[in-house]
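All remarks here apply to the structure that follows.
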Protein chains: 2
Amino acid sequence: MPSNAVNPDLQREREKASFNTQEFTYWWLGGKEKYEAKKKLEKLFLNDPELKDELPISYMSPKELYEHSVRKAVIIAKKLRELRADGEDDVDTYTALFGGALGSALIKEGNPMMLHFVMFVPTIMGQGTVEQQIEWLTKAWDCNILGTYAQTELGHGTFLRGLETRAEYDATTQEFVLNTPTISAYKWWPGGMGHTANHAIVVAQLYTKGVFRGLAPFIVQLRDLETHMPMQGIDVGDIGPKIGMKSVNNGYLGLKNVRVPLNNMLMKNQQVLPDGTYVAPKNSVLTYGTMMFVRVALIRDLSQTLAKASTIAMRYSAVRRQSPIDPNKPEPQIIEHTTQQLKVFPQIAKAIIFKITGEHIWNMFNNVSGELEQGNMDRLPEMHALSCCLKAITSADSAAAVEVCRLSCGGHGYMDCSNFPTIYGMTTAVCTYEGENTVMLLQTARYLVKVYAQALSGEPLVPTVQYISDYIKNREFGAFDCTLEQIVHAFQFVAANKVRIAYERMEKHRRQGHEPETAANLVGIELTQAADLHGRAFLAQTAYSGLNELIRQVSPALAAVFQTILELYLLDACLGRMGDLLRFINLTDGDVSKLELRLAECLKRLRPNAVALVDSFDVHDRVLDSALGAADGRVYERIFESVKKNPMNKEPVNKTFHQYLKPFMKANL
Amino acid sequence: MPSNAVNPDLQREREKASFNTQEFTYWWLGGKEKYEAKKKLEKLFLNDPELKDELPISYMSPKELYEHSVRKAVIIAKKLRELRADGEDDVDTYTALFGGALGSALIKEGNPMMLHFVMFVPTIMGQGTVEQQIEWLTKAWDCNILGTYAQTELGHGTFLRGLETRAEYDATTQEFVLNTPTISAYKWWPGGMGHTANHAIVVAQLYTKGVFRGLAPFIVQLRDLETHMPMQGIDVGDIGPKIGMKSVNNGYLGLKNVRVPLNNMLMKNQQVLPDGTYVAPKNSVLTYGTMMFVRVALIRDLSQTLAKASTIAMRYSAVRRQSPIDPNKPEPQIIEHTTQQLKVFPQIAKAIIFKITGEHIWNMFNNVSGELEQGNMDRLPEMHALSCCLKAITSADSAAAVEVCRLSCGGHGYMDCSNFPTIYGMTTAVCTYEGENTVMLLQTARYLVKVYAQALSGEPLVPTVQYISDYIKNREFGAFDCTLEQIVHAFQFVAANKVRIAYERMEKHRRQGHEPETAANLVGIELTQAADLHGRAFLAQTAYSGLNELIRQVSPALAAVFQTILELYLLDACLGRMGDLLRFINLTDGDVSKLELRLAECLKRLRPNAVALVDSFDVHDRVLDSALGAADGRVYERIFESVKKNPMNKEPVNKTFHQYLKPFMKANL
């Protein structure tokens, strides 16, 4: 095959498409304008020869990788500085460069300067007073200082009140004295903290006048601006290799009597006066905002991850030929196997559903934020509960989906040159950071049982839990007719039942004399299941209404594709939860068979458009960075090219032959 | 805490145990004698200072890691040679050194000489004539030559008939001419083939007198014995980094008119005479033996993997304190959270069940092998079908279990120093090698639908599928009484139903005019589900009978623990398959609730013995190689120690500060 040709199997797939990929891509990216902005940004960064890797990073040691990544991070930051100077940076630019898209083509295992841009600067903006913003933001935006955000400790994660790091106010010098009194109090995990940042926002337990006041953020200088040597009392370094995020330079930080001026505490929400008087925050819920913001943003990022993983698996499945179906014919493209279709197609559908859900909840979040600023907190608990369970479900499902895609590529998915190992490492991390998934589900569940009690006493409920009221009014599901609308309803009905079970079992424990918290732990399993179903019901509902709205807006050809995607998503979701459905709803074996056969029908219908769909995600080859998934489908040639870059293959004989192998082999002759 | 102290939380857990851990350990390892042999072997290898790593391997580049691993592989092979000379090596020695146990403490990402011992030597033994064994085996045992086994190609995996590598016999010179005619024909994946081995058994399509004869194995010299340079026509190298098995030196091999003498074809089963006459094998099923052997052995290995992963998660869960249950008390050990118990305890149970199943099927395999040698092939298809689906289920479940254990350790499981990344890499590989899991399930399913047709026509069935006959005779399950025996029966009943559905839908497609193979593909999803349920029914049955037998043999204290393990395993398994159970069996919501509450009860009952159970697995600290899982529970201290070894932390300031960061930060001042 000539080196610029497209694999003919892949080409044939493209010609089968029944819809206009450009129409899909514009929708996927948010319109023609955003599409063009994306292309422009890609050109600016991807055409820079200094940002291309000759040697794939998998061949480097962690230290080499870090040094390589700092070099590139600085080039990226310089370009950003220029864009900013020209007023050409916007939210999308930062998202592209520090999320899983363009940025991953440049520093695929994570940018060591990321936390400067996504946490250090935003925290000063969100929690600093106007004076503090004036003092710190210019320096930060211009990168005269480089910051990170230090909250999690070696012994303390999701439960913030357990943090051990202390900041005691010394009114005599008007300084805070910061300490990490034990090993487990060491700050742990902040990106860039190892050797990159010279400042950190350190979250610590605040004491003034000897009295504990709660958590507060402090700007702490970690390293000297001229020499980069750690400041006095600072013990800082890199925490070592991990599954992924290998170049993020996650660090540790010990503090021993480190003094910072009074003004280094970010004081927008709470204040310490020079004499040590503490002024409590007016509104303790404001900090929820940032956490919700991050979780909501994660859902949108995960849809990009699924687009990436399913693109690789889909293109490979169209090129790879293996295991005959008809023994008289050559081995078919593996996508001909229905079992392969069931692996890959639902992941394509999930990418689309997660995007729609992500945008929906993003809009909800913006409305709630607006209401919050006007002092209206009515929808905050609902929004918080939703963002928690959706973060948990979409991250767990995405990580699982990446592995399904990888395994669908057989052994070749196991090689780094497939890029699946990196994608999985980056994705599974989301299950833990920004709130560990089980803790997230328990937070949602706590809201749901509260809501259930309200519904029982006849109180009206907010929209996203309205289905619980409906259930309490009518506990019969009625006959199952297999429509998509009814599948959505079935998810809600099951969710309501799961909430009821958690509530009733918890009440039973309470009647037996357990405190509410102990009772909640005794029904922990039931609570997580209820929260999980709540999130899945929301996903089903959003998929249904979101796609139906889209179907009305797009061309008939694309509408037909969206219809299949919706059907596939809902059928796959409900067949995967059949235990819950059958428990509470009267489905017959015949109903289940009907759903199964319809799913098979959907796979068949999606088949001719599958490659075109992943093409429409418009993931750049450099972002895919996969020998299996490149747009030209030259899979074997690209695997081969990647192998030829292996430094071990540059010398025909490795020195260990003469050092160890030969003496050993000859020893017994 | 003093550096030799045991974490008091962990110590307290040990004191709670109600059974004698020594009794369990003896059973787990196969008796006191085996226990002592294990300790002796561990001492021999683990006390050798040359086999200890000062620098954790995560800090090395792939090339450094390879060189480091060859050095150690040679030391191990030398010790093996000595053991062998003293007649002190046995099967257990090789299993320990090249499986996931002792060997993983020495070369955790895989021994580059492994395939020499586990494939090269055994293949010569199994497929060479007596003369060939005399010629090659001494050299191989003494490691005067180092071999590997080359079957899989870049474009061809599980479907062997698709292999492209050709061996054409040239009667004029009495040689075979071997070629890999395309890129996709390159041999790909063999361990040690990159730069270590100098010989390979190459599986190729045999042609004599211009006629295609089938697959045959050839011994091919890859590298010169003196210089290690690749022989003429040989293109060989390392395929590059992967998720795991990072030091196995998986290689590629291209052959261009490579000539080997007639006698280099292994001729025990089939022969080529000097004039090119081909003598076909008497019995084509004999090669099944090796594949079954390997798959059966994998099941036992996976039980060790689960023991390792659950030990780490369990000990960490006893030491880590996080998220209050009672708000008036300090943060509890995380194992107090019922959600955490549901993550970790079932994995402990699976380790035990997989061991019991592994041994049961190992004995079955030995019986069938004995029968085979006497020409009796009656139980071969049954055995083949069972080994395929069990390989698929236990590998998929084990990989999932490792991730559950890892995620149960929160962010710290993500660090290499937890050892989870390596354990996952090694475990998920099993889903693909020795037969890709979906292909495995389809092979089992093909057997099951055949058996179903036999049962329909009244033919008697062999023991492991007898339940299908029973189902055909009586299609009513009757009332569900929630006993463990009935859960086993329920799994069989569901499996029979799934086989029926696959069979009936396939028949329907055939009546509509599809060829059998096309029909089979159209019901591919149903077939894999049937095979999966068949395997799970076998696991449930084996767990039930195996543990009940054990319970009669051990002390009452240990019997009580085994009873809980059995209950936990079966309840967890059936609650995880509730969709299937509810579809075919008339369970009420009340029945499901009863099962759920009983599972909660089991978790509670296992709680005081959980740490003692993982202690009883007797996994050496060096094998665990985990800061989170060491026997002393000094989690934070060990994480900290591992971080201090990071080469990046040996210098306070990385050179990239002066090279890149400082000029950039100062540029805008």
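Couple of notes before you dig in:
- Within the stretch A:15-47, the set of residues being surrounded by fewer than 16 Cβ atoms within 10 Å (Cβ to Cβ) and among the basic types (K, R) comprises A:K16, A:K32, A:K34, A:K39, A:K40, A:K43.
- The stretch A:58-82, subset of a type in the set (D, E) and within 7 Å of another protein chain (Cβ to nearest Cβ), residue surrounded by the fewest Cβ atoms within 10 Å (Cβ to Cβ): A:E64
- Counting only residues that are assigned to a helix (DSSP H, G or I) and either of a type outside the set (F, W, Y) or not assigned by TED's automatic domain parsing to the domain that holds B:R71 (or both), the stretch B:38-59 holds 13 of them.
- Looking across B:E459, B:E504, B:E476, B:E485, one residue alone is assigned to a helix (DSSP H, G or I) and more than 13 Å from every other protein chain (Cβ to nearest Cβ). It is B:E485.
- Residue within the stretch A:212-221 that is in contact (Cβ under 8 Å) with a residue 24 or more places away in the chain and part of a loop (DSSP other than H, G, I, E, B) present: no
- Checking each residue in the stretch A:17-30 for being farther than 20 Å from A:F354 by Cβ, outside any helix (DSSP H, G or I) and not hydrophobic (A, V, I, L, M, F, W, C) picks out A:S18, A:N20.
- Pairs linking a residue in the stretch B:648-669 that is closer than 16 Å to A:V236 by Cα to a residue that is part of a helix (DSSP H, G or I), with Cβ atoms under 6 Å and 6 or more positions apart or on different chains, are B:M648/A:K63.
- Looking across B:S555, B:S545, one residue alone is over 25 Å from the mean Cα position of the chain (by Cα), within 30 Å of B:G31 (Cα to Cα) and among the hydroxyl-bearing types (S, T, Y). It is B:S555.
- Residue pairs whose Cβ atoms lie under 8 Å apart, separated by 6 or more positions or on different chains, with the first residue in the stretch B:581-600 and more than 8 Å from chain A (Cβ to nearest Cβ) and the second in a loop (DSSP other than H, G, I, E, B) and not aromatic (F, W, Y), are B:N586/B:A479; B:D591/B:C482; B:K594/B:C482; B:L595/B:C482; B:R598/B:C482.
- Only residues that are touching a strand residue (DSSP E or B) at 6+ places or on another chain (Cβ under 9 Å) and either aliphatic (A, V, I, L, M) or surrounded by 20 or more Cβ atoms within 10 Å (Cβ to Cβ) (or both) were counted in the stretch B:208-229, giving 11.
- Residue match in the stretch A:250-264 (condition: more than 30 Å from A:A197 (Cβ to Cβ) and in contact with a Lys or Arg (Cβ under 9 Å, 6 or more places away or on another chain)): no
- Counting the residues of the stretch B:517-542 that are more than 28 Å from the chain's Cα centre (by Cα) and more than 28 Å from B:N474 (Cα to Cα) gives 3.
- When the stretch B:646-669 is limited to residues that are facing chain A (nearest Cβ under 8 Å) and assigned to a loop (DSSP other than H, G, I, E, B), the one that is surrounded by the fewest Cβ atoms within 10 Å (Cβ to Cβ) turns out to be B:L669.
- The set of residues in the stretch A:130-144 that are among the aliphatic types (A, V, I, L, M) and more than 29 Å from the chain's Cα centre (by Cα) comprises A:V130, A:I134.
- From the list A:E13, A:E33, the one residue that fits, being assigned to a helix (DSSP H, G or I) and in contact with a helix residue (DSSP H, G or I) (Cβ under 8 Å, 6 or more places away or on another chain), is A:E13.
- Filter result for A:Y186 (surrounded by 22 or more Cβ atoms within 10 Å (Cβ to Cβ), of a type outside the set (A, V, I, L, M), in contact (Cβ under 8 Å) with a residue 40 or more places away in the chain and more than 14 Å from chain B (Cβ to nearest Cβ)): no
- Within the set B:I352, B:I348, the sole residue that is crowded, with 24+ Cβ neighbours inside 10 Å and under 30 Å from A:G157 (Cβ atoms) turns out to be B:I348.
- Residue satisfying condition, being of a type in the set (K, R) and touching a residue at least 40 places away in the same chain (Cβ under 8 Å), within set A:K63, A:K108: A:K108
- Yes/no for B:Y149 being in a strand (DSSP E or B) and of a type in the set (S, T, Y): yes
- Helices (runs of 4 or more DSSP H) completely within the stretch B:582-629 that count 1 or more residues being β-branched (V, I, T) and under 19 Å from A:G524 (Cα atoms): B:589-606
- Some residue of the stretch B:125-132 being in the same structural domain as B:K242 (by TED's automatic domain parsing) and touching a Lys or Arg at 6+ places or on another chain (Cβ under 7 Å): no
- Residues of the stretch A:98-144 classified as within 13 Å of chain B (Cβ to nearest Cβ), in a loop (DSSP other than H, G, I, E, B) and surrounded by fewer than 19 Cβ atoms within 10 Å (Cβ to Cβ), total: 2
- For A:R510: the one exception among (1) touching a residue at least 12 places away in the same chain (Cβ under 8 Å); (2) part of a helix (DSSP H, G or I): (1)
- Restricting the stretch A:41-53 to residues that are under 27 Å from B:S61 (Cα atoms) and touching a residue at least 40 places away in the same chain (Cβ under 8 Å), the residue that is nearest to the other protein chains (Cβ to nearest Cβ): A:L51
- For the stretch A:230-241, a residue qualifies if it is in contact with a Cys (Cβ under 9 Å, 6 or more places away or on another chain) and either surrounded by fewer than 24 Cβ atoms within 10 Å (Cβ to Cβ) or within 17 Å of A:A197 (Cβ to Cβ) (or both), and the qualifying residues are A:I239, A:P241.
- Considering residues of the stretch A:605-638 that are closer than 23 Å to B:G194 by Cβ, of a type outside the set (G, A, S) and touching a helix residue (DSSP H, G or I) at 6+ places or on another chain (Cβ under 6 Å) only, the residue surrounded by the fewest Cβ atoms within 10 Å (Cβ to Cβ): A:Y636
- Whichever residue in the stretch A:145-174 is more than 30 Å from B:V635 (Cβ to Cβ) and without any contact (Cβ under 8 Å) to a residue 60 or more places away in the chain and, among such residues, is nearest to the chain's Cα centre (by Cα): A:L146
- For A:N269: the one exception among (1) closer than 22 Å to A:R166 by Cβ; (2) modelled with pLDDT of 95 or more: (2)
The values are calculated or read from the model by the stated rules, or taken from the named source; none is laboratory data. Every value quoted in this text rests on a predicted model; they were computed, and no experiment measured them. Here the Cβ is made from the backbone with ideal geometry for all residues, glycine too, and neighbour counts use every protein chain on show.
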